[in-house]
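Working notes for the structure below.
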Amino acid sequence: MRERVVIKWGGGLITKKDVLKQPRLDVIGSLADQILECNLLGIDVILVHGAGSFGHLKAKEYRLAEGRLNPSDSSTLGPMTQDEAIVEVRKDMLELNKHIMEALTKRDISAVSLPPHQWANETGADFKGSLEHFIHAPKGITMVTFGDVVSCEGDKEFGILSGDDLVARIAVEVPHVKRLIFAIGGVDGVLAVPPMQAGPDDLIEVLTTEHVFDGEHESAIDVTGGIGLKVDRGFYVAEYGIDVTMVNGGHPSRVLDACLGRVVRGTKLHPSSSISK
Ligand code: IP8
């Protein structure tokens, strides 16, 4: 059986996060080159991408992560209803996903996209939905999915399923996954101090659960959990003996090195205990 890696492309890496629906096509192209390299070296990739400005801005405006609001709260939102906003955010995410699928197919990478609103429900690390298509993906096929608006049980009705939750279940439940790589934008990994104050020595190269790190989260933009959620889900995965590394995706060769298990500038997550997969 070929080795598998799960890669999360952060939304802040592949889009301009503060400008509505602006993809970084050059970055997406270079990251797609690294997936091709992985395939040529005999590694199958499961790719999960974040939302960036294709998801978070409207999801924030219409408070989609909170689920269905009562009528008095929803009258304070923008001109659309929450239902219209769900349709728009799903459409926008499909548009971002299309850019990614185009970059992959342009490089002759055979890729299949599985939008979560079609197969997943509930939010958080124990979201529901069968991973059979990921498990049974034929050799050489890159399976792709992404953060999305999904249905939820009960009064909540809907919520935001983050790509960070998707990678956690996928890495643990799909057999033969050796590594999980978070390719993030703007930083080399997890930093000990806020990015604006950080120098090269402030990168935490090996992160343990005891570490104090700068978990600055752009809650004005993000509806999901920022670096803190990645670290949390990363430790969950690392406990199953899977290598988890965060690298600066602005240096695509680091993503490839991390996928191959080479020593790379970034943050490796060191679990406190281990569970067999
Ligand atoms: O960027 C969020 O996914 P993430 C998905 O992976 C939406 O956390 C639609 C905001």
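The values are calculated or read from the model by the stated rules, or taken from the named source; none is laboratory data. Quick caveat, the model's predicted, so the values are computed rather than measured. When we count neighbours, we look across all protein chains shown, and the Cβ atoms used for this are built from the backbone with ideal geometry, even at glycine. Only protein heavy atoms, including side chains, enter the accessible area calculation; ligands, DNA and RNA are left aside. Shrake-Rupley method; radii C 1.70, N 1.55, O 1.52, S 1.80 Å.
Below, the figures for the structure above:
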{"read-out": "Cα-based reach from K21 at 30 Å (exclusive), listing lysines while leaving out same-chain residues under 8 positions away", "value": "K8, K58, K60, K91, K98, K106, K128, K156, K230"}
{"read-out": "FRET efficiency, 1/(1 + (r/R0)^6) with R0 45 Å, evaluated for K98 and N70 via beta carbons", "value": "0.80"}
{"read-out": "Among I135, L94, G10 the positive-end extreme of the charge dipole of the chain (Cβ point charges)", "value": "I135"}
{"read-out": "Axial C-alpha extent at least 20 Å, average Kyte-Doolittle at least -1.0 - helices from the chain (DSSP)", "value": "25-40, 82-106"}
{"read-out": "Point-charge dipole on Cβ atoms (K/R +1, D/E -1) for the chain, about Cα centre, debye to 20", "value": "780"}
{"read-out": "Fluctuation leader among D33, D222, D201 - the chain, Gaussian network, Cα springs under 10 angstrom", "value": "D201"}
{"read-out": "Accessible area expressed per residue, the chain, with surrounding protein chains retained (probe 1.4 Å, Å²)", "value": "44"}
{"read-out": "Portion, in percent, of the accessible area of the chain that falls on carbon or sulfur, probe 1.4 Å", "value": "51"}
{"read-out": "Relative contact order of the chain, defined on C-alpha pairs under 8 angstrom at six or more residues apart (%)", "value": "22"}
{"read-out": "Stokes-Einstein D in µm²/s, Kirkwood radius over Cα pairs - the range 19-155 at 25 °C with 0.890 mPa s viscosity", "value": "150"}
{"read-out": "Top of T208, T81, T267 by mean-square fluctuation, Gaussian network on the chain, Cα under 10 Å", "value": "T81"}
{"read-out": "Relative packing of 165-173, 115-123, which averages over residues the other C-beta atoms within 10 Å, highest first", "value": "165-173, 115-123"}
